[in-house]
Amino acid sequence: MVNGDLKENVLRIINERNRRDEEQEFNDWCDYLLSLPAGLEFMPKGNFKADIELQPLRWMSLGIDLIQSSKVTARVELAGGVQGPPMSSYLPYPVFQIGAEIFLKGMWLCQFPECRALTHSSYIDSDKRQKYLKKLGSNGLSHDLLKVIDEVRRIPEYWRRPSIMRFLKLVERIVRRYYFPPYDADKRTRWADTRYPKRVYEDVVHVSSAEGLTSYPQARWIETLFRQMEEDVDHLWQLRAEVSARTKSRRAK
């Protein structure tokens, strides 16, 4: 018992010390942020400026990153009360909307050879960047997932492949079943406001409810669907192979 009590006391002291250290680190970080200029703007160094990325792989990769941002609702419990991997999780409304949009627009960019050919250090001039940005943004594909899906479907290399057409059909069904814009404001803003929190109102009797719009499929199913499609698209266009070949060729010179 004495040894057990000693071990318990040591663990308690260590845990308390770790808690104090973490709290101090957090406070130091807050103090650092408050020491920065109020009008601080993050800018690239020199004459560089941040602009639109046009490499399809990066769009699809970022889309997958977002789709991995699930909300865990239950975990496997291991021996000793240790939490294990997720048993149940879902993708919140805004996460799916943004992740799917970015991924699908990455698929759309694949149709352009100059986009597929981009490497880490490739350059595209300002006029071309603005042209693509206009097509990708509110004047072109916008945030309407169903419109983006329809545009991707029209690319010949895609509608010739049953696996890709099946993926697009599944994503459309997911959108319509779980993530479709359900309220009037979205009709004016082309889906942009679907990323905001929702409440269900009954204006005739002046009541509302926060429940509803919370029944989603398992996040791991959606993640698997998009990961498989990333592999198929990469194989179709030979994206990674082409980028790797160009990078090696440039280094050889």
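Tabulated results
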quantity: Any pair with Cβ under 9 angstrom, 6 or more apart, that starts in region 226-246 at a residue that is polar (S, T, N, Q) and ends at one that is buried (at least 19 other Cβ atoms within 10 Å of the Cβ); calculated: Gln228/Phe167
quantity: Residue match in region 3-17 (condition: out of contact with any Phe, Trp or Tyr (no Cβ under 6 Å at 6 or more places or on another chain), closer than 28 Å to Asp234 by Cβ and among the aliphatic types (A, V, I, L, M)); calculated: no
quantity: Residue list for region 142-162, restricted to those being β-branched (Val, Ile, Thr) and assigned to a loop (DSSP other than H, G, I, E, B); calculated: Ile155
quantity: Residues within region 187-229 that are modelled with pLDDT of 75 or more, of a type outside the set (A, V, I, L, M, F, W, C) and over 24 Å from the mean Cα position of the chain (by Cα), tallied; calculated: 6
quantity: Selection count where residues are surrounded by 14 or more Cβ atoms within 10 Å (Cβ to Cβ) and either outside the structural domain of Ile67 (by TED's automatic domain parsing) or assigned to a helix (DSSP H, G or I) (or both), scope region 90-127; calculated: 19
quantity: Which numbered condition Ser69 misses (of (1) farther than 30 Å from Gln111 by Cβ; (2) part of a loop (DSSP other than H, G, I, E, B); (3) among the hydroxyl-bearing types (Ser, Thr, Tyr)); calculated: (1)
quantity: Looking only at region 71-89, and only at residues there that are closer than 28 Å to Lys169 by Cα and not basic (Lys, Arg), the one that is surrounded by the most Cβ atoms within 10 Å (Cβ to Cβ); calculated: Ser89
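The values are calculated or read from the model by the stated rules, or taken from the named source; none is laboratory data. Computed from a prediction, not measured in an experiment: that's the story for all the values here. Every residue, glycine as well, gets a Cβ built from its backbone with ideal geometry; the counts of neighbours run over all protein chains shown.
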